[in-house]
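Beneath this line is the structure, given in structure tokens, with notes to follow.
Each reported figure results from applying straightforward, stated rules to the coordinates on display, with no laboratory input. For clarity, every value in this text was computed on a predicted model and none was experimentally measured. Don't worry about glycine lacking a Cβ; one is built from the backbone with ideal geometry, like all the others, and counts go over all protein chains shown.
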Amino acid sequence: MKKILKPICFILVFFLVYSVVGIELASAKISGSIGFGLKLTGGKLLSFVVPFTMFGLILMALIGMGKQSKSRSSIINRYFSQNPSRSAFKKHVLAGAIVEDMNKDEVILSWGEPQEIYLDLEDSSYGEVWLYPGHYLGFEEDWLVARFHTSD
């Protein structure tokens, strides 16, 4: 899921910028000036402003996405430096994977918050069941003890 978000964000930012620039260009053709009060002179100014504006906005979006992944890894590093006995699970969390015997904090660091949490289900042998897209996770106290794929 997280690997899909970066390209989607990039595409959304690109089309947003493209739409804004397109509206700006349409109004420039009608009024003879770009919104910042600059006059069109044979299209030379336009050919300079549009690419640099788009490049700048796309660059800012990419830098922002990089900061998100850095903050995630710094949170993970901080957690495992405070819990050195759990360091065997660090590579799994960084890879976005889960394995049995992880605790709830490690599962959340790896997959994020669950969609739903079920407590003390009558027909379940687990104290807690967490629902993620395509998966149910069974916990006993704080520990992941089972993982099931859903049919969706």
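Applying the criterion of at least 1 residues that are surrounded by 14 or more Cβ atoms within 10 Å (Cβ to Cβ) and in contact with a helix residue (DSSP H, G or I) (Cβ under 7 Å, 6 or more places away or on another chain) to the strands (runs of 3 or more DSSP E) found wholly in segment 93-152 leaves 128-132, 135-140, 143-149. Among residues of segment 111-130 that are within 14 Å of ARG147 (Cα to Cα), those with a Cβ under 9 angstrom from a residue that is basic (Lys, Arg), sequence gap 6+ or separate chain, pair up as GLU128/LYS104; TRP130/LYS104.
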